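What follows is a short report on a single structure.
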Amino acid sequence: MLSNEDAGRARWADDLQSLTRLEELLLRYPELDPEEHREVGERLVATGPLDMGLLSANRAAWNQAEQYRADNPHVFRMSLGKRLMLTALAVMAGAIIWWLSDIGLP
């Protein structure tokens, strides 16, 4: 039977299994094999804000997540492709604004 706390987590979590697995891995960090190490990074990147909030309620796992972020900043950086896409979108938006002002639209 689920405790009140577990029942609340199950009700609010987007993916309770993934959140539980992430907590289990974080509590063993840094003594993880390479596959588990990669899995932690993937799960942290994919975890939504609600599950991240639920993870923060587990102080030990949250501290380990913060340590993982500090140890592996490359996992959380935006890729070059995404940066280039954002730059292209910004240039395109600027060009559209310039074009609209050039043809006389306010």
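When only Cα pairs under 8 Å and 6 or more residues apart are kept, what is the percent relative contact order across the chain? Walk me through the numbers before you get to the answer.
Details: 43 pairs, mean separation 25.7, N = 106.
Answer for the chain is 24 percent.
Starting from segment 69-98, pick out the trypsin sites (Lys or Arg not before Pro) whose DSSP state is loop and whose Cβ has at most 14 other Cβ atoms within 10 Å. Display every interim value, and only then the final one.
Values: sites: ARG69, ARG77, LYS82, ARG83; in loops: ARG77.
Passing both the DSSP loop test and the Cβ count: ARG77.
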Check: How long is segment 64-106 along each principal axis, judged by its Cα atoms, biggest number first, in Å?
Finding: 56, 18, 8
Note to self: Given the -39500 (n - 2.57) contribution per DSSP H run of 4+ residues, what per-residue ellipticity at 222 nm results for the chain, rounded to the nearest 500 deg cm²/dmol?
What the structure shows: -23500 deg cm²/dmol
Next item on the list: Report Rg/Rh for the chain, rounded to two decimals, where Rg is the Cα radius of gyration and Rh the Kirkwood radius.
Entry: 1.24
Next item on the list: Could you bin all the Cα-Cα distances of segment 10-50 into 10 Å bins starting at 0 and give me the percent of pairs in each, rounded to whole numbers?
Entry: 30, 54, 15, 1
Next item on the list: For segment 57-68, just list the computed ³J(HN,Hα) in residue order, Karplus coefficients 6.51, -1.76 and 1.60, θ = phi - 60°, integers in Hz, with x standing in for Gly and Pro.
Entry: 6, 8, 4, 5, 5, 5, 4, 5, 5, 5, 5, 4
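Roughly how many debye, to the nearest 20, is the charge dipole of the chain about its Cα centre, given +1 on each Lys and Arg Cβ, -1 on each Asp and Glu Cβ, and no other charges?
Working: 11 positive and 16 negative charges, 83 e Å.
Using only the charged Cβ atoms, the result is roughly 400 debye.
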Item checked: Inter-label distance for ARG28 and GLU42, nm, one decimal - labels placed 7 Å from Cα along Cα-to-Cβ -> 1.6 nm
Check: Got a number for carbon plus sulfur as a percent of the chain's accessible area, 1.4 Å probe?
Finding: 62 percent
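Could you state the accessible area per residue of the chain in Å², with a 1.4 Å probe and every protein chain left in place?
Numbers: 7620 Å² over 106 residues.
With all protein chains present, the chain gives 72 Å² per residue.
The values are calculated or read from the model by the stated rules, or taken from the named source; none is laboratory data. Everything numeric in this text was worked out from a predicted model, so none of it was measured. Cβ atoms come from the backbone with ideal geometry, glycine included; neighbour counts cover every protein chain shown. Accessible surface is based on the protein model in full, side chains and every heavy atom, while ligands, DNA and RNA are left aside. Shrake-Rupley method; radii C 1.70, N 1.55, O 1.52, S 1.80 Å.
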